[in-house]
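Down below is the structure, laid out as structure tokens.
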Amino acid sequence: MKTISSVVEHYIKKKPFLQSALAQGIINLTSLSRLIKPEIQEELGKDIRNGAIVMALKRLSDDLEFRATHKIIKVLKNIGEITVRSSLTDFTFLVSDTILEKQTALLEEVNKNKDVFYTSSRGVNELNIVVSNSLDSIIEEFFKEEKCTQKAENLASITVKLPAENVSVPGIYYFIFQRLAWEGIVLYEVISTTNEFTIIVNDDQVDIAFSTIKDLKSL
């Protein structure tokens, strides 16, 4: 049997942004109840009072699952170094039998210049390489026999050092990327290790992306 509480909970959990805002206590519950009332009534098939929805929202916001957001905030307050690099190019190649050989040759060039930016990730079908644009011509020469499916220029990277406890608290990356999405930031790539991650964005969005991540420390 459907109850007001179960229907309200199902509605909120389908809207992650709304769920997060509710958990932080930044939503007027009375106003929200009026907004969602038509859908809740339709689901239940009967008229209900605003006060009943408000009570359901109040219980939901106090629930342990919602309070997990506060655990995330505690971790984000301990974000470490944030490093920004600009003038980057993002290459995507189809995986082939010879592409690792080309990548090995590229790494030898990278090692000759410690100041350049380089990161790479490989999926099942694609190999992605992000480098300082000073290496563009070298990559185009080394990989000229490979199939390049995308080349994006004028990019920047933001690398974030996370505290060690990030691996034991679910939702860290969701919370960060949610904030970036709210600001309309387009992510070209996301590269991560255990305790840090790097995002690749357009040069013209790097300032707002940096500020968004930096502001997480003061939540």
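The values are calculated or read from the model by the stated rules, or taken from the named source; none is laboratory data. The structure displayed is predicted, hence computed values, not measured ones. All Cβ positions, even for glycine, are placed from backbone atoms using ideal geometry, and neighbour counts span all protein chains on display.
Before moving on, here are some points about what is shown:
- For beta carbons closer than 9 Å, sequence separation of 6+ or different chains, a first residue in region 21-45 that is under 20 Å from Lys2 (Cα atoms) and a second that is loosely packed, with under 14 Cβ neighbours inside 10 Å and β-branched (Val, Ile, Thr), the qualifying pairs are Leu44/Thr3.
- Cross-chain or 6+ apart pairs with Cβ under 8 Å, region 86-105 first and in contact (Cβ under 8 Å) with a residue 24 or more places away in the chain, then part of a loop (DSSP other than H, G, I, E, B) and among the hydroxyl-bearing types (Ser, Thr, Tyr): Asp90/Tyr188
- The listed residue being out of contact with any Ser or Thr (no Cβ under 9 Å at 6 or more places or on another chain), outside the structural domain of Ile213 (by TED's automatic domain parsing) and surrounded by 13 or more Cβ atoms within 10 Å (Cβ to Cβ), out of Ile27, Ile73: Ile73
- In region 196-214, of all residues being surrounded by fewer than 19 Cβ atoms within 10 Å (Cβ to Cβ) and touching a Phe, Trp or Tyr at 6+ places or on another chain (Cβ under 9 Å), the one that is farthest from Gly123 (Cα to Cα) corresponds to Thr212.
- Candidate set from region 174-195 (those that are surrounded by 16 or more Cβ atoms within 10 Å (Cβ to Cβ) and without any contact (Cβ under 8 Å) to a residue 40 or more places away in the chain); member that is farthest from Leu155 (Cα to Cα): Arg179
- Ala181 vs. criteria in a helix (DSSP H, G or I), hydrophobic (A, V, I, L, M, F, W, C), touching a strand residue (DSSP E or B) at 6+ places or on another chain (Cβ under 6 Å) and more than 15 Å from Asn128 (Cα to Cα): no
- Assessment of region 50-59 against the conditions (modelled with pLDDT of 90 or more and of a type in the set (D, E, K, R)) yields no matching residue.
- When the criteria are applied in full, Ile200 fails the requirement of being in the same structural domain as Glu109 (by TED's automatic domain parsing) and outside any strand (DSSP E or B).
- Residue check for Leu18: at pLDDT 85 or above and surrounded by 12 or more Cβ atoms within 10 Å (Cβ to Cβ): no
- Subset of region 30-46 that is surrounded by fewer than 14 Cβ atoms within 10 Å (Cβ to Cβ) and over 26 Å from Ile73 (Cβ atoms) - its residue that is farthest from the chain's Cα centre (by Cα): Lys46
- Filter pass, Leu106 being over 30 Å from Ser168 (Cβ atoms), over 23 Å from the mean Cα position of the chain (by Cα) and among the hydrophobic types (A, V, I, L, M, F, W, C): yes
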